[in-house]
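The block underneath contains the structure these notes are about, expressed in structure tokens.
The values are calculated or read from the model by the stated rules, or taken from the named source; none is laboratory data. Everything numeric here is computed off the predicted structure, so don't read it as measured data. Every residue, glycine as well, gets a Cβ built from its backbone with ideal geometry; the counts of neighbours run over all protein chains shown.
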Amino acid sequence: MADPDSRTGASYASPEILDWVASVHAPHDPALARAFATPADMPAIMVGPSEGRLLHLLARLAGARRVVEVGTLAGYSTIHLARALPPDGHLWTVEFEPRHAELARANLAAAGLAERVTVVVGAGTDALPGLEPHGPFDAVFLDADKANYDRYARWAIANLRPGGLVLGDNAYLFGELLDDDERARGMRAFHEIVAAACDSVCIPTPDGLVLGIRR
Ligand code: MG
């Protein structure tokens, strides 16, 4: 059941509740803790612990072996996704900032995932075509520059196997999804592209997480 407030977007979560449920459902993992603790001069904009756990479980449900992530930052979501892969699985993650990519590589090595993950430095639109020979992919997770989400979605649809997952964070665009500007139109196009090619939903995480299963 739900009440009218929660159906229209109100959340019962508090920082204390979020911490408690994460402590129960997300096993302590020193490598994740290390990647979550970004340096002061790096934006702490990675997904939260429960969303990271959700990504991990979705990748496992999909039996993912080959995954692409756009937007590595310090590698926090990368570790969640890579931990879902079988030993012969591989994840390619694209990061625009060389300094962030360097930290992510160190965090992935500390997590024992250096062999299972390739960190590619560059803009998503430049780097993704180079990954195509490794496809088709089982899952693509987008958490990068929002202005290009529509282009990333088209790439994902073209390079996912049927039954593969497209995932997109910040799908409410920080509350600006319905604004009348290019960035919001691009994010709305992302939603529409995913919905046209997938069975899809926008999971009401704090900033929305699109999940699509490629038809
Ligand atoms: Mg995000």
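Summary of values
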| read-out | value |
| --- | --- |
| Residue in segment 60-75 that is more than 23 Å from Gly130 (Cβ to Cβ), within 12 Å of the chain's Cα centre (by Cα) and either within 14 Å of the ligand (Cβ to nearest atom) or at pLDDT 95 or above (or both) present | no |
| Residue tally, condition more than 16 Å from the ligand (Cβ to nearest atom), in contact (Cβ under 8 Å) with a residue 12 or more places away in the chain and not in a helix (DSSP H, G or I), over segment 194-215 | 7 |
| Selection count, segment 1-20, where residues are β-branched (Val, Ile, Thr) and either modelled with pLDDT under 90 or not in a helix (DSSP H, G or I) (or both) | 1 |
| Set Pro27, Pro86: member being at pLDDT below 95 and not in a helix (DSSP H, G or I) | Pro27 |
| Segment 170-215, residues that are in contact with a strand residue (DSSP E or B) (Cβ under 9 Å, 6 or more places away or on another chain) and on the phi > 0 side of the Ramachandran plot | Asn170, Gly208 |
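This table checks each residue for (1) surrounded by fewer than 18 Cβ atoms within 10 Å (Cβ to Cβ); (2) without any contact (Cβ under 8 Å) to a residue 60 or more places away in the chain; (3) over 20 Å from Ile203 (Cα atoms).
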{"residue": "Pro27", "(1), (2), (3)": "yes, yes, yes"}
{"residue": "Ala33", "(1), (2), (3)": "yes, yes, yes"}
{"residue": "Pro39", "(1), (2), (3)": "yes, no, yes"}
{"residue": "Ala44", "(1), (2), (3)": "yes, yes, yes"}
{"residue": "Glu51", "(1), (2), (3)": "no, no, no"}
{"residue": "Leu54", "(1), (2), (3)": "no, no, no"}
{"residue": "Leu57", "(1), (2), (3)": "yes, yes, no"}
{"residue": "Arg60", "(1), (2), (3)": "yes, yes, no"}
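Conditions (1) more than 14 Å from the chain's Cα centre (by Cα); (2) within 16 Å of the ligand (Cβ to nearest atom); (3) assigned to a loop (DSSP other than H, G, I, E, B), marked per residue:
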residue	(1), (2), (3)
Ala22	yes, no, no
Pro39	yes, no, yes
Val47	no, yes, yes
Ser50	no, yes, no
Arg53	no, yes, no
Leu81	no, yes, no
Leu91	no, no, no
Val94	no, yes, no
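Yes/no per residue for (1) more than 14 Å from Leu142 (Cα to Cα); (2) surrounded by 15 or more Cβ atoms within 10 Å (Cβ to Cβ):
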site	(1), (2)
Glu176	yes, no
Ala184	yes, yes
Met187	no, yes
Ala197	yes, yes
Cys202	no, yes
Gly208	no, yes
Gly212	no, yes
Arg215	yes, no
